[in-house]
Amino acid sequence: MKFFVDTASLDQIKEAKDLGILDGVTTNPSLMAKEGISGKQNILNHYKAICDITTGDVSAEVISTDYAGIVEEGKRLAEIAPNIVVKVPMIKEGIKAISHFTNVGIRTNCTLVFSAGQAILAAKAGATYLSPFMGRVDDITWDGVGLIAEIAEVYAIQGFDTEILAASIRSAKHIVDAAKNGADVVTCPLNAILGLLKHPLTDIGLAKFLADHKKANS
Ligand code: E4P
């Protein structure tokens with residue numbers, strides 16, 4: 001399973017890269033806004049800065065919602081670097097645009113996915129990645145991990161190539177649940193990834209090893 005970080009923060013992307021576990025990055029307009037990035041050119045420059053840090057796939061989201069606008073914007077984003085993946089919302093015009101991008105060799109990430117039906121449509125259009133939002137599904141007391149499992153089952157039965165990119169991850173548990181249920185990729189805030197490190201027995205065990213070493217060597 002690949003690990004992407006879900007952030008537009010260059011510091012967090014660098015930190016994940018330094019950990020040696022970074023396979024890629026996803027962003028969205030909210031994450032860009034959180035970093036204070038605004039204006040067409042600044043946004044393009046920021047994607048370039050991200051692509052200068054990692055050679056892994058970097059999802060850059062379109063703002064347009066009409067077919068011509070999505071195609072034009074996606075083309076511009078894809079020109080930034082070979083590792084850009086154009087992120088397109090799960091709407092009718094988006095599916096049409098994903099089919100177009102598939103035909104011209106531009107890779108895509110279909111975002112805002114909340115059902116297996118949407119997942120089938122995105123795969124039919126040739127999306128490279130599919131982003132089901134686990135956390136937002138759980139937020140309304142539906143079953144985020146169940147959604148990942150259902151999509152994984154359908155894709156396996158149908159032999160679809162689209163990679164399942166579990167998104168809207170809120171915790172380390174979400175990462176483990178996504179891994180157990182067939183996600184090909186997880187995109188997470190860095191603190192959810194760091195949460196995987198935590199176990200009290202590791203802390204207790206390390207403290208004892210160090211104490212015993214100190215005793216024997218003093
Ligand atoms: C990623 O591609 C999504 O845009 C992101 O994971 C959404 O996460 P959120 O639900 O925490 O905003």
For the stretch 174-190, 3J(HN,Hα) per residue [Karplus equation, 6.51 cos²θ - 1.76 cosθ + 1.60, θ = phi - 60°, Hz, x = Gly/Pro] = 4, 5, 5, 4, 5, 4, 5, 10, x, 5, 8, 9, 10, 10, 9, x, 4
ask   = For helix 144-158, what angle does its Cα long axis make with the longest principal axis of the chain, in degrees from 0 to 90 and rounded to 10?
value = 60 degrees
ask   = Residue-wise, which Karplus ³J(HN,Hα) couplings in Hz belong to the stretch 70-83, taking 6.51 cos²θ - 1.76 cosθ + 1.60, θ = phi - 60°, and x for glycine or proline?
value = 5, 5, 5, 5, x, 4, 5, 5, 5, 6, 4, 6, x, 8
query = What are the residues whose amide H is under 5 Å from the amide H of Val85, where those residues sit 5 or more places off or on another chain and H is modelled from the backbone?
reply = Val58, Ser59, Ala60
Degrees, to the nearest 10: 200-216 long Cα axis against longest axis of the chain = 40 degrees
note = Rh (Kirkwood, all Cα-Cα pairs) for the stretch 97-144, Å, reads 11.3 Å
ask   = Semi-axes, largest first, in whole Å: what does sqrt of 5 times each Cα gyration tensor eigenvalue give for the stretch 1-114?
value = 23, 15, 13
The chain: C-alpha pair distances exceeding 28 Å, % = 31 percent
Asp177 accessible area, 1.4 Å probe, all protein chains in place, Å² to nearest 10 = 30 Å²
note = So the angle from the long Cα axis of helix 92-104 to the longest Cα principal axis of the chain, reported in degrees to the nearest 10, equals 90 degrees
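The values are calculated or read from the model by the stated rules, or taken from the named source; none is laboratory data. This one's a predicted model, so the numbers in the text were calculated from it and none came from an experiment. Please note that ligands, DNA and RNA were not included when accessible areas were found on the heavy atoms of the full protein model with its side chains. Shrake-Rupley method; radii C 1.70, N 1.55, O 1.52, S 1.80 Å.
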